[in-house]
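Trainee: A single structure is presented below for examination.
The values are calculated or read from the model by the stated rules, or taken from the named source; none is laboratory data. None of these values were measured; they are calculated from a predicted model. Cβ placement follows ideal geometry from the backbone for every residue including glycine, while neighbour counts extend to all protein chains displayed. Each accessible area value is taken on the protein alone, full model and side chains, heavy atoms only, with ligands, DNA and RNA left out. Shrake-Rupley method; radii C 1.70, N 1.55, O 1.52, S 1.80 Å.
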Amino acid sequence: MRITTFSLGPLGTNSYVFDNGSEALAIDVGGDPAPMVEFLEQNGLKLAAILITHMHFDHLYGVAALQKALNVPAYVPAGDEPISRTEASLGGIWGMPPVPGFKETPFTGDFTAGSFSVHVLQTPGHTPGGVSFHFPEAGVVFTGDSLFYRSIGRTDFPMGDHQTLLQSVHSKLFTLPDETVVYPGHGPESSIGDERRHNPFVGDFVPR
């Protein structure tokens, strides 16, 4: 398995291509997806689907263009429906441009996309229905804006909830194996064990 990161859009969102050598998933497409399309073509990869961790504008800007280019479904968490027609989702907040519309395929739990089994962890708090995508066989989890390197997601957007986010991190993410690599929506990658020990917002503060 291979993970390739593209920093896309006005907030430099981590947009990922996760592939097995022949087929791929795109996870959160924060801006113009041209670099992702070029990578897929150069490596002979078929895109099976677009996966969205949560319905905030900066994770959605490139979804419509990628969907149009490659005719693939865009899976969105059904739990984020309450914010799906707000500025935080559609753009406009802070004067950001609008998000182009795309065809949504809502999900509520685990599903299959092409040859990939997608294990969904419900990690609300940053948004009411935010999720993380765990791939146990690859030892990775894509956490969106729930868990970052030494930080967690902000909860001052509409329907964000700090205590819910803390519970999500502790009850869902921190139960994964320590060696699980964390691929967040912004910033560098980390690991579950490292964040459990050293994250000042949710960790145990164990000295190195």
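Trainee: Please state, rounded to one decimal and in Å, the Kirkwood hydrodynamic radius that segment 90-137 gives when every pair of distinct Cα atoms enters the mean of 1/r.
Mentor: Mean inverse Cα-Cα distance, inverted, gives 13.2 Å.
Trainee: Could you give the Stokes-Einstein D for segment 1-91 in µm² per second, using the C-alpha Kirkwood radius, 20 °C, 1.002 mPa s?
Mentor: Details: Rh = 13.0 Å.
Rounded, D is 164 µm²/s.
Trainee: Right, here's the next one. Taking every DSSP beta bridge with both residues inside the chain, roughly what % is antiparallel (nearest 5)?
Mentor: Values: 25 of 40 bridges.
Beta bridges within the chain, antiparallel portion: roughly 60 percent.
Trainee: For residue 105 and residue 166, FRET efficiency with R0 = 22 Å and r from the beta-carbon atoms, rounded to 0.05?
Mentor: Numbers: r = 30 Å, r/R0 = 1.35.
Result of the calculation: an efficiency of 0.15.
Trainee: Can you work out the Karplus-derived ³J(HN,Hα) for every residue in segment 105-115? Use 6.51 cos²θ - 1.76 cosθ + 1.60 with θ = phi - 60°, whole Hz, and x for glycine or proline.
Mentor: Each residue of segment 105-115 in turn: 10, x, 9, 10, x, 4, 8, 10, 10, x, 8 Hz.
Trainee: Quick one: pull the percent of accessible area on the chain belonging to carbon and sulfur, 1.4 Å probe, ligands and nucleic acids left out.
Mentor: 54
Trainee: Any aspartates and glutamates with Cα under 20 Å of the residue 103 Cα? List them, leaving off those in the same chain fewer than 8 positions away.
Mentor: Within reach: 28, 32, 58, 80, 81, 87.
Trainee: I need the calculated FRET efficiency for the pair residue 112 and residue 149, taking r as the beta carbon distance and R₀ as 30 Å, to the nearest 0.05. Please report the intermediate quantities before stating the final value.
Mentor: On the way: r = 30 Å, r/R0 = 1.01.
Given R0 = 30 Å and the Cβ-Cβ separation, E is 0.50.
Trainee: Applying 1/(1 + (r/R0)^6) with R0 = 30 Å to the Cβ-Cβ distance of residue 1 and residue 85, what FRET efficiency is obtained, to the nearest 0.05?
Mentor: Numbers: r = 35 Å, r/R0 = 1.18.
Working from the Cβ atoms, E equals 0.25.
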